[in-house]
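Worksheet: one structure, shown below.
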Protein chains: 2
Amino acid sequence: MGKYDDLAALLLEAIKEGGYLTKDLSSIPVGISNRHIHLSQADLETLFGAGYQLTKTKDLSQPMQYACKETLIIAGPKGAIEKVRILGPTRSESQIEILQADCFKLGITAPVRLSGDLQGTPGITLIGPKGSILLSKGLVIAQRHIHMTLEDAKNFSVADGEQVTIQIDGLRGGTYSNVVIRANNTSALEFHIDTEEANAMHLADARITIIK
Amino acid sequence: MGKYDDLAALLLEAIKEGGYLTKDLSSIPVGISNRHIHLSQADLETLFGAGYQLTKTKDLSQPMQYACKETLIIAGPKGAIEKVRILGPTRSESQIEILQADCFKLGITAPVRLSGDLQGTPGITLIGPKGSILLSKGLVIAQRHIHMTLEDAKNFSVADGEQVTIQIDGLRGGTYSNVVIRANNTSALEFHIDTEEANAMHLADARITIIK
C-alpha cells in the first residue's frame, strides 16, 4: 500500500499549501467579557495603597492577561456598581469597560470604543479599600473585535484594523457589523464581545463565521 | 405654475397608489422589554389574595396592554430576582419572560419562545405578598417579533407567522434573524426585543429595516 500512502501524503501536503486546512473559518473561539477594569499602577496605588501589586487568580486566553482577586466599586451620578473585577497587568492608562445597561445604572453615557482609544471619553469614580479616584476619562463600552496573529489574519484574508461582519447561527442568530480585526503577534485568536452581545445572539451555543 | 402643481399632485397620487409612500420601511417603532410577568387570574389571586384586581400604572403601546403597580419576586434553585413587573390584563396562562442573563442568576435554562407557546417550558417560583406558587411551566426568553396589523403586513409584503431578518444601522449595528411577524387587527406596529438585544445593537439610537 506504499504508493497509496505516498499519494495520500502528497495530496495532504498540496491541500495544506493551498491553505484549505490551515484554519477552520467556523472555529473562532468566543471570549465573553463582563464589565471590568484595567488600572494604571499610579491609580492602583491610590486605590489599594503605596506599592500595591495585583493578585492573579486566573489566566485569560490572551497571553499575559489575567483576572485578579481585586474588585472596585464604580460610581456615577445615578448609582454605583459593586464588585467590578480588575484585570491585570497594569497599563499606562486606566480604562473601565462597562455594559450598555450599566450606563443607565450609573447615569453616564459611555461611547463604543476600541481598547486604548480614550480621548474624549467620560470619567467615572472608582472606590477602593484605601482611596477613591474621579477619573477624568476612560469609561467605554468595548467595540466588538477579533484578536488574532498576523498569520491568522493572512489565513482569514483580513488585515489589522479592518472591520468585518460576523455571522452567528441559531434561533437567536444574525450578524454583527463593524467587528474590528486586531492582529499582532502577541494575540491569541478570539472573538471578543460583552455579555449583553453574547446573550442577545445566544452565543454560548452558536458558531461564528467571518463574512465580509 | 398651475400645470406643474397639477403634475406634481398627479405624480404624488400615482406614487401613493403604488404603495411607495404608504409605509416607511425604516420607521418601525421599537419596543424594548425588560423581564416581566403575565398572570392568570387564578395565580394572581393566590399571590395577592382572593378577588384581587391588577392596578394599571401605564398603558403600553399594544392596545389593551398595560404595566401594573404590582411586582413579584421570581426564584430558581440558584437565586432570586426582586421587583419583576406584572403586565396586565390577566391571561389564560401565566407566562414569565426573562433575559438570557437571568437564567444564570436563577439557575434555570429558559428556551427562546413566542408568547403563548409554553409547552415543555420550565417552571419557576413566584413569590407575592399573600402567597407563592411553583409554576410547572411558563418560563421563556421571548423570541424577537414584530407586531403589525394585516394592512401593515400587506404593505411590508409579509405574512403572519413569517420569519424575517431585521437590519440595524450604526457602529453597533448588524442583523437579527428569525424575527417573527405577528399580524392581526388588534396589534400596533412595533418591533419587540428585550433589553439585552436592544443594548447589544445600541437600538435606542438606531434605525430598523426589514430585509428578507
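Quick note: the coordinates plus some simple rules give every number you see, no bench work behind them. Keep in mind the model is a prediction, meaning the values are calculated, not measured. In this analysis, Cβ positions are derived from the backbone assuming ideal geometry, glycine residues included, and neighbour counts consider all displayed protein chains.
Across the range B:58-75, computed HN-Hα scalar couplings (Karplus, 6.51 cos²θ - 1.76 cosθ + 1.60, θ = phi - 60°) run 7, 6, 8, 6, 6, x, 6, 9, 8, 7, 10, 5, 6, 10, 9, 8, 10, 9 Hz from first to last residue, x flagging Gly and Pro. Taken about its Cα centre, the protein assembly as shown carries a charge dipole of roughly 1060 debye when the Cβ of each Lys and Arg holds +1 and the Cβ of each Asp and Glu holds -1. Ordering B:N178, B:H145, B:L99 by the projection of their Cα atoms onto the charge dipole of chain B, which places +1 on the Cβ of Lys and Arg and -1 on the Cβ of Asp and Glu, puts B:L99 at the extreme positive end.
Across the range B:142-147, computed HN-Hα scalar couplings (Karplus, 6.51 cos²θ - 1.76 cosθ + 1.60, θ = phi - 60°) run 5, 6, 4, 8, 10, 7 Hz from first to last residue, x flagging Gly and Pro.
When both bridge partners sit in the range A:34-142, DSSP labels roughly 70% of those beta bridges antiparallel. Here the sum of -39500 (n - 2.57) over DSSP H runs of 4 or more residues, divided by the residues of chain B, equals -6000 deg cm²/dmol at 222 nm, to the nearest 500.
Couplings 3J(HN,Hα) for the range A:171-186, derived from phi with the Karplus relation 6.51 cos²θ - 1.76 cosθ + 1.60 (θ = phi - 60°), are 4, 9, x, x, 9, 10, 8, 6, 8, 8, 7, 10, 9, 7, 8, 10 Hz, where x marks Gly and Pro.
Nearest 20 debye, what's the magnitude of the dipole of the range A:34-142 about its Cα centre given +1 on Lys and Arg Cβ and -1 on Asp and Glu Cβ? Present the calculation step by step, with values, prior to reporting the outcome.
Working: 12 positive and 9 negative charges, 44 e Å.
Approximately 220 debye in magnitude.
Based on the reciprocal of the average 1/r between different C-alpha atoms, the Kirkwood radius for the range B:33-132 equals 13.9 Å.
Over all distinct Cα-Cα pairs of chain B, the Kirkwood formula returns a hydrodynamic radius of 19.1 Å. Remark: the protein assembly as shown projects, on average over all directions, an area of 31.7 nm² (convex hull of Cα atoms). Amide H contacts of B:H192: B:G31, B:H145, B:I146, B:H147, each under 5 Å away and 5 or more positions distant or on a separate chain (H built 1.01 Å from N in the peptide plane; Pro and chain starts excluded). Quick one: which of B:K56/B:K78; B:K83/B:K105; A:K105/B:K105 span more than 23 angstrom between C-alpha atoms? The pairs that break the limit, which is 23 Å between Cα atoms, are B:K56/B:K78. Against the main long axis of the alpha-carbon atoms of chain A, helix A:2-17 sits at an angle near 40°.
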